[in-house]
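Written out below as structure tokens is the structure these notes cover.
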Amino acid sequence: MLKVGLTGGIASGKSVIGEMFLGLGARLILADQIAHQLMQPGQAVYDQVVRHFGNGILNADGSVNRRRLAEAAFGPPGGTGPSKVGELNRIVHPAVIRRQDEWMEEAGRHDRHAIAMVEAALILEAGAADRFDRLIVVTCRDQQRVQRFAQRLKIDAESARPEVERRMAAQLPDEEKVKAADYVIDNSGSLDATGKQVREIYARLREEAESSA
């Protein structure tokens, strides 16, 4: 079994690339989905987050409103106040990492040749890189991040830019991520160009997974 981390900055296209790897045969789990599950009412992480950030982050039914939580952690869009994202990460990251480890071990028990891939934005920032056998970093141009983020939130690029810049400030720059990578995928071109890189890397990972087993 080969443990693979898939990471990259905000709106770099990690999810699209993760789906490509999944289509080729990799097993895939998303750290963001794990975090979402852990922040459901009744979970220990939910209780800690609510105690720390207050009931103002909740919907009427008691579930976490992710937009409000993001504003509580990063500050309101366009704001200049201090970021509390580090405080949020200290609550959430350890639990997410434990769940990722459990999932990868379970994947290995089911298939000793498995490529168990975790898609997560903050693998390096969370100090979790050494939990993986291989690390893939996705990059793109800054203007593309803004455009993709704007499309995701259905807002204009002018409104998206300060939010992207603020979130990027909480992440390592691409240059630092690339230094730590075993493989780099340049997602600034066409989907076909990205797909070609994914297929080439998957072939190498497949060889490694089979030889390590």
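Just to verify a result, which residue in the stretch 1-28, among those that are of a type in the set (D, E, K, R) and outside any strand (DSSP E or B), is surrounded by the fewest Cβ atoms within 10 Å (Cβ to Cβ)? Result: Glu19.
Looking at the stretch 86-103 only, could you name the residues that are basic (Lys, Arg) and over 23 Å from Ile115 (Cα atoms)?
Listed by number, the list holds a single entry, Arg90.
The single condition among (1) at pLDDT 95 or above; (2) basic (Lys, Arg); (3) over 18 Å from Ile17 (Cβ atoms) that Arg90 does not satisfy is (1).
Inspect all residues belonging to the stretch 114-133 and state whether any of them is in a helix (DSSP H, G or I) and at pLDDT below 95.
No, the stretch 114-133 contains no residue that is in a helix (DSSP H, G or I) and at pLDDT below 95.
Mind listing whichever residues of the stretch 143-163 are buried (at least 17 other Cβ atoms within 10 Å of the Cβ) and in contact with a Leu (Cβ under 9 Å, 6 or more places away or on another chain)? Result: Ala160, Glu163.
Checking Ala31, Ala72 one by one, the residue that is surrounded by 18 or more Cβ atoms within 10 Å (Cβ to Cβ) and in contact with a strand residue (DSSP E or B) (Cβ under 9 Å, 6 or more places away or on another chain) is Ala31 and no other. Residues of the stretch 164-193 that are farther than 18 Å from Gly5 by Cβ, in contact with a helix residue (DSSP H, G or I) (Cβ under 7 Å, 6 or more places away or on another chain) and either touching a residue at least 60 places away in the same chain (Cβ under 8 Å) or surrounded by 18 or more Cβ atoms within 10 Å (Cβ to Cβ) (or both): Val164, Arg166, Arg167, Ala170. Name every residue in the stretch 106-132 that is among the charged types (D, E, K, R) and surrounded by fewer than 17 Cβ atoms within 10 Å (Cβ to Cβ), in order of residue number. Correct list: Glu106, Arg109, Asp111, Arg112, Asp130, Arg131.
Assessment of the stretch 62-78 against the conditions (at pLDDT 95 or above and among the charged types (D, E, K, R)) yields no matching residue. Considering the stretch 30-79, the residues that are of a type in the set (A, V, I, L, M, F, W, C) and assigned to a loop (DSSP other than H, G, I, E, B) include one that is farthest from Arg161 (Cα to Cα), namely Ala60.
The values are calculated or read from the model by the stated rules, or taken from the named source; none is laboratory data. No experiment lies behind these values; they were computed from the predicted model shown. Counting neighbours? That spans all protein chains shown, and the Cβs are built from the backbone with ideal geometry, glycine included.
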